[in-house]
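Derivation of every value follows stated rules applied to the coordinates shown; laboratory data play no part. Quick caveat, the model's predicted, so the values are computed rather than measured. Positions of Cβ are backbone-derived with ideal geometry, glycine not excepted, and every protein chain shown enters the neighbour counts.
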Amino acid sequence: MEYRRLGRSGLKVSVLSVGTMTFGEKVEEPTAIRIIHQALDAGVNVIDTADVYAGGESERIVGRALEGRRDKVVLATKVYMPTGPGPNDRGLSRHHVMQAVEASLRRLGTDYIDLYQVHRFDPEVPVEETLRALDDLVRQGKVRYIGCSNWAAWQIAWALGVSERLGLEPFVSVQPRYNLAHREPERELFPCCLQLGVGVLVYSPIAGGVLTGKYRGGEAPPGSRGYQNPSWQQLRLTPRNLAIAGAVERFAAGLGRPPLEVALNWVLANPAVSTAIVGSSSPEQFAQSLAALEWRLTDEQVAALSRAAEAAAGEAGG
Ligand SMILES: NC(=O)c1ccc[n+]([C@@H]2O[C@H](COP(=O)([O-])OP(=O)(O)OC[C@H]3O[C@@H](n4cnc5c(N)ncnc54)[C@H](OP(=O)(O)O)[C@@H]3O)[C@@H](O)[C@H]2O)c1
């Protein structure tokens, strides 16, 4: 297993992380636990969850899966999304952060979180208020590192400046969506992260499964995320995304490798990326992601695949 430094922090993360968004909903507990153990046995050390995944069930399952193995893991969870109907049951106020962390610790069955990530930017809370609350959690030993998710480059740069000015814990990471069909982070976010030493945990590296090639012709196979899910189909099975998936499939065929391996390796080839958080419905699926780590695309192949995907997107009108 390859490990990378998470930004300028001293923390080492495996290049592959376990995504648990569907654990406790689509993926039942015994399967989820098998996937987590399979990952840990292969040297994966990052498990990514959130307080809201499966209404908290994902955190509970992760906690149970880690019994006896907790100290080897970089356990990452998140706060921000609504956890109740009240006006303070959401967001990044000190009030909600302090309540949410206790609830996550209880569900996870642990007394510390390795990486506590703010799930979104909250324009209604002064960034100082959030950073001071997170800093307090680090001082209390409840959280070891702090990160953000879905923040823009300017928001991160601003927050880092505030942390420095006030002597508070800095964000060590950001978690953006990044894959061959969504390359926006390359424009501002990744240069910002490389310059300021912020680690990147990529989510949706295979575009929710679209880049595995299983949605060929826009058809969602039974059991897949897109099956009987019109809103997901409308959002993800666009002509542009399907054209890119087709380009990945052709490129992968030329290499004699599955498209998933090629798509995942393309993400990992970006120097800003610390780890790719992949979701899996079964140990068999996760095994395919692990197989991607057995080889790497060359720089020329990365460039050629980028061009092929761009050309396919262009032809599809996007
Ligand atoms: N910070 C955020 O806002 C945010 C947002 C989204 C996700 N995340 C994190 O990132 C993780 C991954 O996100 P994601 O699930 O959207 O991304 P993904 O890794 O791009 O897609 C995972 C999905 O692809 C399908 N798949 C995986 N391996 C496959 C294989 N070998 N063959 C065929 N299909 C395969 C599975 O769906 P099916 O089997 O159902 O088709 C699986 O759930 C989440 O679990 C979560 O931890 C964070």
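log10 I(q)/I(0), Debye, Cα-only the range 3-175, no solvent, q = 0.12, 0.18 Å⁻¹?
So the normalised log intensities are -0.51, -1.15.
Return the subset of Lys26/Lys72; Lys12/Lys72; Lys26/Lys214 for which the Cα-Cα distance in this structure is over 21 Å, preserving the input order.
Violating the 21 Å limit, Cα to Cα: Lys26/Lys72.
Find the Rg to Rh ratio for the range 178-242, where Rh is the Kirkwood radius over alpha-carbon pairs and Rg uses the same atoms. Mind dumping the intermediate values first?
Details: Rg = 14.4 Å, Rh = 13.2 Å.
So for the range 178-242, dividing Rg by the Kirkwood Rh gives 1.10.
Going by amide H atoms built from the backbone, whose H comes under 5 Å of the H on Ser17, apart from near neighbours?
For Ser17, whose amide H was placed from the backbone, the distant partners under 5 Å are Ala276, Ile277, Val278.
Between 0 and 90 degrees, rounded to the nearest ten: what's the tilt of helix 29-41 against the longest Cα principal axis of the chain?
It is inclined by approximately 90 degrees.
Extending each Cα 7 Å along its Cβ direction at Glu315 and Glu294, get the distance between those two points in nm, one decimal.
Spacing of the two 7 Å Cα→Cβ label points: 3.1 nm.
If you fit an axis through the alpha-carbon atoms of helix 239-255 and take the longest principal axis of the Cα set of the chain, what angle between them do you get, 0 to 90°, nearest 10?
70
Over the chain, with a Gaussian network built from C-alpha contacts below 10 Å, which listed residue (Ala42, Ala159, Ala32) shows the highest mean-square fluctuation?
Ala42
Take the Cα coordinates of the range 171-318, assign each an equal point scatterer, and use the Debye formula without solvent to give log10 I(q)/I(0) at q = 0.10, 0.11 Å⁻¹.
-0.33, -0.40
Taking only the alpha carbons of the chain, what extent do you get along each of the three principal axes, in Å, biggest first?
The principal-axis extents, from largest down, are 53, 41, 37 Å.
Based on Cα coordinates alone, diagonalise the gyration tensor for the range 1-103, multiply each eigenvalue by 5, take square roots, and list the semi-axes in whole Å, largest first. Present the calculation step by step, with values, prior to reporting the outcome.
Numbers: eigenvalues 128, 66, 21 Å².
Computed over the range 1-103, the values are 25, 18, 10 Å.
Report the rotationally averaged projected area of the range 86-128 based on its alpha-carbon convex hull, in square nanometres. Display every interim value, and only then the final one.
Values: hull surface 13.9 nm².
So the mean shadow area of the Cα hull is 3.5 nm².
Using Cα atoms only, what is the angle between the long axis of helix 299-315 and the major principal axis of the chain, expressed in degrees (0 to 90) to the nearest 10?
Tilt of helix 299-315: around 80 degrees.
With the alpha-carbon atoms as the only input, what is the per residue convex hull volume for the range 127-202 in Å³? Working shown, then result.
Numbers: hull volume 5.9 nm³, N = 76.
Spread over its residues, the Cα hull of the range 127-202 gives 78 Å³ apiece.
Which of the lysines could be linked to Lys78 by a straight reach, that is with a Cα gap under 17 Å, when you skip same-chain ones fewer than 8 residues away?
Lys142
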